[in-house]
1. Go through segment A:1-23 and report how many residues are assigned to a helix (DSSP H, G or I) and either surrounded by 15 or more Cβ atoms within 10 Å (Cβ to Cβ) or not assigned by TED's automatic domain parsing to the domain that holds residue A:59 (or both).
2. Need a quick list: helices (runs of 4 or more DSSP H) entirely within segment B:168-281 having at least 1 residues that are basic (Lys, Arg) and within 14 Å of chain A (Cβ to nearest Cβ).
3. Out of everything in segment B:59-100 that is touching a Ser or Thr at 6+ places or on another chain (Cβ under 6 Å) and closer than 23 Å to residue A:198 by Cβ, what residue ends up being farthest from the other protein chains (Cβ to nearest Cβ)?
4. Return the residues of segment A:1-22 that are hydrophobic (A, V, I, L, M, F, W, C) and either within 12 Å of residue A:110 (Cα to Cα) or out of contact with any helix residue (DSSP H, G or I) (no Cβ under 8 Å at 6 or more places or on another chain) (or both); say none if nothing qualifies.
5. Taking the stated definitions as given, is residue B:154 closer than 20 Å to residue B:95 by Cα and touching a Leu at 6+ places or on another chain (Cβ under 9 Å)?
6. Is it fair to say residue A:119 is in contact (Cβ under 8 Å) with a residue 24 or more places away in the chain and touching an Asp or Glu at 6+ places or on another chain (Cβ under 8 Å)?
7. Those residues that are under 19 Å from the mean Cα position of the chain (by Cα) and in a helix (DSSP H, G or I), I need them from segment B:282-293; list them, please.
8. In segment B:108-160, which residue that is basic (Lys, Arg) and within 11 Å of chain A (Cβ to nearest Cβ) is farthest from residue B:171 (Cα to Cα)?
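The values are calculated or read from the model by the stated rules, or taken from the named source; none is laboratory data. What you are looking at is a predicted structure, and each value in this text was computed from that prediction instead of being measured. Cβ placement follows ideal geometry from the backbone for every residue including glycine, while neighbour counts extend to all protein chains displayed.
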Amino acid sequence: MIISSAKPFGEVLELLKDEDDIFIIGCGACATKLHVGGEPEVLDMLRRLEEAGKHVTGWCVPSAACSVASFDSLVEKDPSIKDAGCILVMACGSGVSIVSKVTEVPVYPSNNTESLGGLSQGEVFPELCAMCGDCKIYYFGGICPIGQCPKRLLNGPCGGSIDGKCEVDPEKDCVWELIYTRLEKLGRLDLLEKVWVCEEG
Amino acid sequence: MPRNFKEKLGSDDFLITAEISPPKGTDLCKALADAELIRNFADALNVTDNQRAVMRMSPVAASRALLDAGHEVIMQLTCRDRNRLALQSELLGAYALGIRNICVMTGDHTTKGDHPGARPVYDMDPVQLLDIIRRMKEGHDLAGNLIEGPPAFTVGAVTNTDPSNTMQMLKLRKKARMGLDFFQTQAIYDTGQFEAFMEETLDIEVPVIAGVIPLGSASMAHFMNRNIPGINVPAEIIERMENAEDPTEEGMSICAETIAELKKLCRGIHIMPIGKHKSTPEILEMAGTRKKSR
């Protein structure tokens with residue numbers, strides 16, 4: 001899941017200051033689950049924009065903004081997109097990019113895209129994966145230090161943690177504490193012995 | 001010929017190294033004056049690299065200025081601000097300018113410093129950097145290309161000294177496997193714990209240079225215990241500082257006593273006073289260390 005958060009409404013309004021005839025596109029995937037681009041949030045955005053004196057031509061929530069097939073597929077959902085002077089996309093950066101690709105008017109984001117994370121039992125887990133393109137997560141008990149350690153360390157913790165907490169965010173456990181505990185449970189502390197060296201080519 | 005830091009590492013000498021910070025600016029006078037205070041005591045000066053992620057003059061430039069003034073230097077190099085290209089080119093440049101000793105470390109995160117918006121690099125960690133330095137010394141860069149005039153660095157790394165911290169001890173062993181010439185530690189106040197650390201790591205056979213920071217007050221001790229990772233000032237030392245008539249004098253005495261203890265346990269000390277080295281000669285004399293050997 002792509003973790004994104006809503007920009008402050010004032011910032012969205014500032015982005016749209018020279019625009020009218022706005023069409024809003026939400027996202028039925030991650031942004032819906034995170035409540036930053038589902039139908040309720042799209043309708044709330046529509047109301048707030050109208051209250052701010054903007055004209056909204058229409059809206060739709062495709063199953064995933066990042067996999068919109070074509071402009072026609074958006075027209076099928078709401079033909080008023082043809083009258084739009086611009087589009088506000090309530091999705092992650094990928095969603096905004098794909099909507100830009102299939103449309104010919106200015107496209108604005110309502111969200112800030114933060115990381116590749118997850119959601120479980122109502123709790124959001126950011127930065128679970130750094131999308132490095134060379135997955136090594138098995139060696140770390142299913143907890144990726146590239147994604148979760150602010151220094152992306154592979155060979156063990158830095159000297160910066162105090163009482164098992166992260167140097168960068170003292171509220172967070174040092175990911176190496178979590179990796180150690182997990183591998184200990186799995187009986188695979190031997191995996192920590194591996195020395196990760198850099199290679200080129 | 002006076003012996004250099006590397007030769008002294010291979011001897012039985014108890015080594016004294018001392019931290020010098022490059023200036024926040026272009027004027028090196030203060031750093032050079034600070035170094036002058038300890039000319040006859042320090043075997044090498046350890047030049048910091050944007051320590052605590054606070055932007056200062058390049059350690060390469062400051063190291064070269066100290067070399068010109070007749071000091072031996074150990075240049076620190078962090079993984080925070082440079083990718084693999086920059087790290088390797090910095091090392092080549094440093095060696096070409098006469099810098100022979102380096103000490104590598106991860107580096108405090110940019111969010112802890114004075115430019116918190118800086119993009120942290122961490123393209124590699126110290127274990128990986130040590131591996132690359134080893135390859136460079138053998139005549140190749142990371143990509144396997146030949147290096148003309150390979151840099152024959154003496155290489156150190158830093159370590160935590162809590163023997164109960166399994167992950168830190170594991171990382172120390174990984175660093176040692178990369179062919180290290182010395183370890184430098186965070187400031188030691190608990191010599192009992194340090195002795196246990198030395199016993200725990202006896203098999204590693206890498207010379208250990210223990211850090212010391214003279215205390216200025218009891219509140220400084222409390223602050224370091226809370227905020228500086230790897231520092232553990234024991235209660236009895238804090239009590240001595242609290243009861244001292246002159247906390248500065250007491251801090252110097254404690255530091256000298258610690259150094260005297262460390263002389264029995266490891267190969268040297270690395271003194272990192274807060275501010276200048278004004279008191280360093282007196283502390284070292286109180287600790288009974290000799291002036292620097294030739």
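1. First, pick out the residues of segment A:1-23 that are assigned to a helix (DSSP H, G or I): A:9-15.
Retained after the next criterion (residues that are either surrounded by 15 or more Cβ atoms within 10 Å (Cβ to Cβ) or not assigned by TED's automatic domain parsing to the domain that holds residue A:59 (or both)): A:12-13, A:15.
Qualifying residue count, segment A:1-23: 3.
2. Working: elements: B:191-200, B:218-227, B:235-243, B:247-262.
Where helices (runs of 4 or more DSSP H) fall fully within segment B:168-281 and carry at least 1 residues being basic (Lys, Arg) and within 14 Å of chain A (Cβ to nearest Cβ), they are B:218-227.
3. So, considering only residues that are touching a Ser or Thr at 6+ places or on another chain (Cβ under 6 Å) and closer than 23 Å to residue A:198 by Cβ, the one farthest from the other protein chains (Cβ to nearest Cβ) is B:99.
4. Step one: filter segment A:1-22 for residues hydrophobic (A, V, I, L, M, F, W, C), giving A:1-3, A:6, A:9, A:12-13, A:15-16, A:22.
Matches in segment A:1-22: A:6, A:9, A:12, A:13, A:15, A:16.
5. Values: closer than 20 Å to residue B:95 by Cα: yes; touching a Leu at 6+ places or on another chain (Cβ under 9 Å): yes.
Yes.
6. Working: in contact (Cβ under 8 Å) with a residue 24 or more places away in the chain: yes; touching an Asp or Glu at 6+ places or on another chain (Cβ under 8 Å): no.
No.
7. If the condition is that a residue be under 19 Å from the mean Cα position of the chain (by Cα) and in a helix (DSSP H, G or I), then B:283, B:284 are the ones that fit.
8. Taking segment B:108-160 and keeping what is basic (Lys, Arg), we get B:112, B:119, B:134-135, B:137.
Narrowing the set further to residues that are within 11 Å of chain A (Cβ to nearest Cβ) leaves B:112, B:134-135.
Numbers: B:112: 23, B:134: 17, B:135: 20 Å.
The residue in question is B:112.
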